[in-house]
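Here's the structure, in structure tokens; my notes come after.
The values are calculated or read from the model by the stated rules, or taken from the named source; none is laboratory data. Just so it is clear, the model here is predicted, and its values are computed rather than measured. Cβ sites come from the backbone with ideal geometry, for glycine too, and all protein chains shown count toward neighbours. Just the protein is used for accessible areas: all its heavy atoms, side chains included, with ligands, DNA and RNA removed. Shrake-Rupley method; radii C 1.70, N 1.55, O 1.52, S 1.80 Å.
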Amino acid sequence: VPPARVDGTGQFTVQGVLPGKYVLRATNVPGGWSLKGATNGGMDITDTPFEVEDRDLTGITVTFFDRPSELRGTVRGSGNATDVSAAVVVFPADTRSWTNYGVNPRRMRMSRTGKNGQFTFSGLPAGEYFAAAISDEVAGEWQDPQFLDQLTRGASRVTIGEGQKVSQDLAIQNVRPGGGLT
């Protein structure tokens with residue numbers, strides 16, 4: 001889908017959209033701003049696929065805000081040492097959000113730890129999440145709902161409010177490739 005063109009009044013247009021299901025995503029948003037939500041006809045379409053038929057779709061409202069949330073922490077491995085090779089997965093507590101989220105889901109993220117074992121996720125929408133630290137060898141499974149279900153057993157539950165900065169340290173989970181805790 002081609003990107004939207006925004007005029008000086010904030011109205012946007014996307015040309016050449018074929019009929020089908022779509023998920024709205026905001027990219028190239030100026031620094032410090034985050035997508036707060038999108039509605040169409042009073043229905044929230046921020047994280048839910050919506051149907052585009054063979055006629056023009058009007059009335060979509062997209063809202064941004066300038067207080068992005070942040071989740072940060074440190075991953076610790078055995079002996080309480082920082083783990084610089086871990087991956088951290090953040091995903092919604094609501095299992096219905098684990099599928100049909102389109103490319104670049106807003107509420108599901110994966111990142112590697114930095115040199116000091118630290119991680120940061122900026123711009124997560126307000127809500128209930130699980131956060132889990134996993135080994136790099138299983139990081140490729142992070143979007144598989146069965147894998148996420150396994151992670152919930154040892155993940156930390158985190159509540160993030162709009163514009164809130166949350167700190168949560170994590171212990172590495174021993175998860176086998178193909179799912180299952182060891």
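Assorted remarks:
- Restricting the stretch 17-42 to residues that are of a type in the set (Gly, Ala, Ser) and without any contact (Cβ under 8 Å) to a residue 24 or more places away in the chain leaves a set whose member that is farthest from residue 99 (Cα to Cα) is 31.
- Taking every residue in the stretch 134-159 that is charged (D, E, K, R) and pairing it with any residue that is in a strand (DSSP E or B) and surrounded by fewer than 17 Cβ atoms within 10 Å (Cβ to Cβ), at least 6 positions away or on another chain, the pairs with Cβ-Cβ distances below 9 Å are 136/112; 153/181; 157/128.
- Among the residues of the stretch 161-177, the one identified as β-branched (Val, Ile, Thr) and within 16 Å of the chain's Cα centre (by Cα) is 166.
- Out of 104, 116, one residue alone is of a type outside the set (Lys, Arg) and on the phi > 0 side of the Ramachandran plot. It is 104.
- Residue within the stretch 173-182 that is hydrophobic (A, V, I, L, M, F, W, C), touching a residue at least 24 places away in the same chain (Cβ under 8 Å) and farther than 23 Å from residue 79 by Cα present: no
- Annotation note: of 14, 89, 29, 23, the sole residue that is of a type in the set (Val, Ile, Thr) and farther than 27 Å from residue 142 by Cβ is 14.
- Unmet requirement for residue 48, which otherwise passes all of (1) among the polar types (S, T, N, Q); (2) under 18 Å from the mean Cα position of the chain (by Cα); (3) modelled with pLDDT of 85 or more: (3)
- Out of 86, 93, sole residue that is among the aliphatic types (A, V, I, L, M), touching a helix residue (DSSP H, G or I) at 6+ places or on another chain (Cβ under 9 Å) and farther than 28 Å from residue 64 by Cα: 86
- Residue 158 part of a strand (DSSP E or B) and under 14 Å from the mean Cα position of the chain (by Cα): yes
- The single condition among (1) open to solvent by less than 50 Å² (accessible area, probe 1.4 Å); (2) more than 18 Å from residue 47 (Cα to Cα) that residue 161 does not satisfy is (2).
- Selection from the stretch 131-146 of residues that are in a helix (DSSP H, G or I) and either open to solvent by 20 Å² or more (accessible area, probe 1.4 Å) or more than 25 Å from residue 25 (Cα to Cα) (or both): 136, 137, 138, 140, 141, 145, 146
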